[in-house]
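Each remark here refers to the structure printed beneath this line.
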Amino acid sequence: MPRHSVSQQDRYRSGERAFTDMTENQIVAAQETATGTASALRRGADAGYRWLLLLFLVAGVVQIFLAGLGVFHLHAYGLDDPAGDAALDPHRTLGFTMGVIALLILVLALVARPGARQVVLAAVLVLQTAVLQSLLAGLGDDSPVWGGLHALDGLLALGVAGYLYGVALVRRRAAARDLR
C-alpha cells in the first residue's frame, strides 16, 4: 500500500475521491484557455456584427430602390388592380428580412459587447425594423402621413445602422493599431 498523506488517507476512508491539486501553471493555463475561447468568440461575434451591419446597409439601399420601383409599378397598373398590389411584395419581403438581420445584429452585439450605446442602438434598430416599420406601413393604408413616417423611419434605421457600422470600424482599426 502506497504511503499517502493524512488528508488523502482521510478522504479514502470517508469515501471521497482523492484528487490531485493543480499547480499554479496549470491554473494559469486553464484560465488562459477559457479566456482565449471567450475572446475568440467575442472576436468572431464582432466580425459578424460588422458584416451584418454592412449587409443591412446594402439591403437598405436595395430597399429604397424596390420602394420606388413598386410605387411607379403601381402607377402603371392602377392602384386598384390586383397586379398593382403585388408591386410592393419585393419591398415587403426585403423589409421583413432586414428585421431578421437587425435581430441577428442585436444578438451579435450582446456577444461582442461593443459598448452600452451600441447595444442599445442595436435594440432600437430591431424595434425600428421589426415593429415600427410594419406598424407605420399598415397605418399608411389609411392615411398617407403614416406612409411618409414609414419612409422617414426607414431612413432613420439606415442612419442608426450607418452610425453603428462606423463606430465598429473605428473600434476595429484602433484594436489593429494597438496590436502593432
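Values in this text are rule-based calculations from the coordinates and carry no lab data. From a predicted model like this one, the values you see are computed outputs, not experimental measurements. Because the Cβ atoms are built from the backbone with ideal geometry, glycine has one as well, and the counts that use them run over all protein chains shown.
Is it true that residue 126 is among the β-branched types (Val, Ile, Thr), part of a helix (DSSP H, G or I) and either more than 14 Å from the chain's Cα centre (by Cα) or surrounded by fewer than 17 Cβ atoms within 10 Å (Cβ to Cβ) (or both)?
no
Which residue pairs have Cβ atoms closer than 7 Å, lie 6 or more positions apart in sequence or on different chains, and pair a first residue in region 149-174 that is closer than 10 Å to residue 60 by Cβ with a second residue that is part of a helix (DSSP H, G or I) and aromatic (Phe, Trp, Tyr)?
From region 149-174, the pairs are 161/56.
Test residue 87 against the criterion of being without any contact (Cβ under 8 Å) to a residue 24 or more places away in the chain and in a helix (DSSP H, G or I), and give yes or no.
Considered against the rule, which asks whether it is without any contact (Cβ under 8 Å) to a residue 24 or more places away in the chain and in a helix (DSSP H, G or I), residue 87 comes out as yes.
Conditions first: (1) surrounded by 15 or more Cβ atoms within 10 Å (Cβ to Cβ); (2) under 23 Å from residue 43 (Cα atoms). Residue 166 passes all but one, so which condition is the exception?
Only one criterion is unmet by residue 166, namely (1).
Can you tell me which of 175, 137, 76 is in contact with a His (Cβ under 8 Å, 6 or more places away or on another chain) and of a type in the set (A, V, I, L, M, F, W, C)?
Answer to the selection: 137.
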